[in-house]
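> A single structure is presented below for examination.
Every read-out reported here was derived from the displayed coordinates using simple, explicitly stated rules and does not represent laboratory data. Note that this is a predicted model, so its numbers are computed, not measured. Neighbour counts are summed over all protein chains in view; Cβ atoms, including those assigned to glycine, are modelled from backbone coordinates with ideal geometry.
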């Protein structure tokens, strides 16, 4: 029977098993499971929100029911959550094993494969069918924490170069401004632009699944691979659906992670037939406008500075009751995005 | 019967299936199966027979099948439906 591994001893056993299999034991999981036989741990698996990971089965127990039991336990642990689709990263040789468990491959890149359980991606695309437009379209993927005049400038400049521009707002809720607020401010701030549609990225771009490194600290060597998978998923599934031929980015003077994402983009997207266009950032004073700068000004309650950095719609929110509540959390917020 | 809450039944073992149920305004059946190419129509027929029998007319029903036989499909789906529906008395 598969059980939750809770105590330190069991956790160490799981760590041993994972490391014996040549993987790194990653601490960032929500739940850890294991299967014992005669007091010995024979299999283990973990779930980090909607990502299944560290699935390891002792050599002697492979080919039997272990994997099915582990996957059942992982799926069962999501029964009372709002998670409906699960993801797994695995190697090419194990891809078919997971396909036999009804996982669908989303991206295969070199020896690594990202698979999804459930119809998340097709459902996500179908939901936005009404937004499909003919022509040569563009895309920007933005976090907008919060929406600034810099974002506004990027979107306006990009929209002028294509038939239709899709603005994908990062769904992942790990930023100071909650997703609903970020989304609403982008919508309000671009409402006057006729050829712009605003939609969310769901799990499929710059998310916890496709690009966890964006939200982690810099300098992780898995980062490069994650970026490439994230971009390939965009190029092979999202871009064709919306007829996207151009992806726009602002140059990144501050954040190393974003900068290497931007540097990776032309090669990866280019190979898939999508052009990357980098635009210069809008300046205020003599420095580029960034959401980081906005949050800093907000922390100092410098509304004169804010007026020069954000559009009226965002400023109105920042001065509202809800907006002022965020001030308190902003005092302790130290992340880059 | 009417699906009023989220529920699921079954396992991902070989020759079994998992059934996921959720309330929704319309009826929608999604089928994933390792033998989808050959048997999707038979799985769907079996699912529809159970839904008919229990007069289910709305809800999202997701099937993730690993080659289960027809009676296993019926049994798992019934179990899931009993868990997902409010009034269990009038069933069967």
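> In peptide A:100-107, what is the residue-averaged number of other protein chain Cβ atoms found within 10 Å of each Cβ?
On the way: counts 5, 7, 12, 2, 1, 0, 0, 0.
Averaged over the peptide's residues, the number is 3.
> So what's the angle, to the nearest 10 degrees on a 0 to 90 scale, between helix A:179-190 and the longest Cα principal axis of chain A?
Taking the Cα atoms of chain A, the angle to A:179-190 is about 30 degrees.
> A further question follows. Would you mind pulling out the separation of the Cα centroids of region A:246-297 and region A:299-314, in Å?
If you average the Cα positions of each part, the centres end up 22 Å apart.
> Could you please rank A:61, B:41, A:246, placing first whichever residue has the fewest other Cβ atoms within 10 Å of its Cβ?
Working: A:61 15, B:41 10, A:246 19.
Starting with the residue having the fewest Cβ neighbours, the order is B:41, A:61, A:246.
> Output the antiparallel fraction of DSSP beta bridges having both residues in chain B, as a percent to the nearest 5.
Details: 11 of 18 bridges.
Roughly 60 percent of the beta bridges in chain B run antiparallel, per DSSP.
> Show me B:24-37, A:198-211 ranked by packing, highest mean number of other Cβ atoms within 10 Å first.
Details: B:24-37: 13.6, A:198-211: 22.5.
In descending order of packing, they fall as A:198-211, B:24-37.
> Within 10 Å of each Cβ in peptide A:83-89, how many partner chain Cβ atoms are there on average? Round it to a whole number, please.
For this peptide, the per-residue mean of nearby foreign Cβ atoms is 1.
> How many nm separate the modelled label positions at residue A:62 and residue A:332, each set 7 Å beyond the Cα in the direction of the Cβ?
Calculated label separation equals 4.6 nm.
> Over the Cα atoms, compute the radius of gyration (one decimal) and Dmax (the largest Cα-Cα distance, rounded to a whole number) for chain B, in Å.
12.0, 37
> Right, here's the next one. Based on the mean of other Cβ atoms within 10 Å per residue, sort peptides A:230-238, A:127-135, B:52-60 so the most packed one is first.
On the way: A:230-238: 22.2, A:127-135: 11.4, B:52-60: 15.0.
Ranking, from highest mean packing down: A:230-238, B:52-60, A:127-135.
> May I ask you to derive the FRET efficiency for residue A:278 and residue B:4 from their Cβ-Cβ distance with R0 = 60 Å, giving the value to the nearest 0.05?
On the way: r = 52 Å, r/R0 = 0.86.
Working from the Cβ atoms, E equals 0.70.
> Show that you can apply the helix-only estimate: for chain A, add -39,500 (n - 2.57) for every DSSP H stretch of four or more residues, divide by all residues, and state [θ] at 222 nm to the nearest 500.
Counting only the DSSP helices, I get -10500 deg cm²/dmol.
> While we're here: Return the tail of the calculated pair distribution for region A:243-337, meaning the percent of Cα-Cα pairs more than 23 Å apart. Show your work: numbers first, answer last.
Working: 1822 of 4465 pairs.
Result: 41 percent of Cα pairs exceed 23 Å.
> Related question: Rounded to the nearest 0.05, what FRET efficiency do residue B:26 and residue A:82 give with R0 = 22 Å and r taken as the Cβ-Cβ distance? Could you check?
Numbers: r = 20 Å, r/R0 = 0.90.
After rounding to 0.05, the efficiency reads 0.65.
> Other chains' Cβ within 10 Å of A:66-77 residues: what's the mean? Could you put the intermediate results ahead of the total?
Numbers: counts 0, 3, 7, 3, 1, 5, 6, 2, 1, 7, 5, 0.
Across A:66-77, the average partner-chain Cβ count within 10 Å equals 3.
> Using r as the Cβ-Cβ distance of residue A:133 and residue A:20, and R0 as 51 Å, what FRET efficiency do you calculate, to the nearest 0.05? Let's see the in-between values first.
Numbers: r = 52 Å, r/R0 = 1.03.
After rounding to 0.05, the efficiency reads 0.45.
> Here's something else I'd like to know. Could you state the angle between the C-alpha long axis of helix A:256-271 and the longest principal axis of the C-alpha atoms of chain A, as a value from 0 to 90 degrees rounded to the nearest 10?
On a 0 to 90 degree scale, this one is about 80.
> A follow-up question, please. Could you rank the peptides A:298-305, A:168-175 by their average count of other C-beta atoms within 10 Å per residue, with the highest value first?
On the way: A:298-305: 13.2, A:168-175: 19.9.
Descending mean neighbour count gives A:168-175, A:298-305.
> For the residue pair residue B:48 and residue B:74, what label-to-label distance in nm results when each label sits 7 Å from Cα along the Cα-to-beta-carbon direction?
1.7
> Taking Cα atoms of the protein assembly as shown, Rg/Rh with Kirkwood Rh, to two decimals?
Working: Rg = 24.1 Å, Rh = 23.9 Å.
Reported Rg/Rh (Cα atoms, Kirkwood Rh): 1.01.
> While we're here: For a quick check: sort B:63, A:274, A:6, A:83 by the number of other beta carbons within 10 angstrom, fewest at the front. Please list the in-between numbers first.
Numbers: B:63 26, A:274 21, A:6 10, A:83 17.
Sorted ascending by nearby Cβ count, the order is A:6, A:83, A:274, B:63.
> Between region A:63-136 and region B:1-34, how many Å separate their Cα centres?
Answer, in whole Å: 17.
> I'd like the antiparallel share, as a percent to the nearest 5, of DSSP beta bridges with both residues in the protein assembly as shown. If you can, show how the numbers build up before the last one.
Numbers: 40 of 67 bridges.
Looking only at bridges with both residues in the protein assembly as shown, the antiparallel portion is about 60 percent.
> Relative contact order (percent) for chain A, with alpha-carbon contacts under 8 angstrom and 6 or more residues of separation? Intermediate values should be presented prior to the final figure.
On the way: 515 pairs, mean separation 43.4, N = 337.
Taking the mean separation of contacting Cα pairs over the length of chain A, I get 13 percent.
> If you don't mind, there's one more thing I want to ask. Between 0 and 90 degrees, rounded to the nearest ten: what's the tilt of helix A:223-233 against the longest Cα principal axis of chain A?
Roughly 80 degrees, rounded to the nearest 10.
> Could you tell me whether region B:1-45 comes out rounded, prolate or oblate from its Cα gyration tensor? Rule is a ≥ b ≥ c as square roots of the eigenvalues, rounded for a/c under 1.5, then prolate if a/b exceeds b/c, otherwise oblate. If you can, show how the numbers build up before the last one.
Working: a/c = 3.00, a/b = 1.50, b/c = 2.00.
Taking the square roots of the gyration eigenvalues as a ≥ b ≥ c, region B:1-45 is oblate.
> Sorted from fewest to most neighbouring beta carbons within 10 Å, what does the list A:324, A:295 look like?
On the way: A:324 13, A:295 20.
Sorted ascending by nearby Cβ count, the order is A:324, A:295.
> Test of understanding: what is the full-extension gain from residue A:236 to residue A:303, defined as 0.36 nm times their sequence separation minus their Cα-Cα distance? Provide the component values of the computation, followed by the final result.
Numbers: separation 67, 0.36 × 67 = 24.12 nm, distance 4.31 nm.
Between residue A:236 and residue A:303, full extension yields 19.8 nm more.
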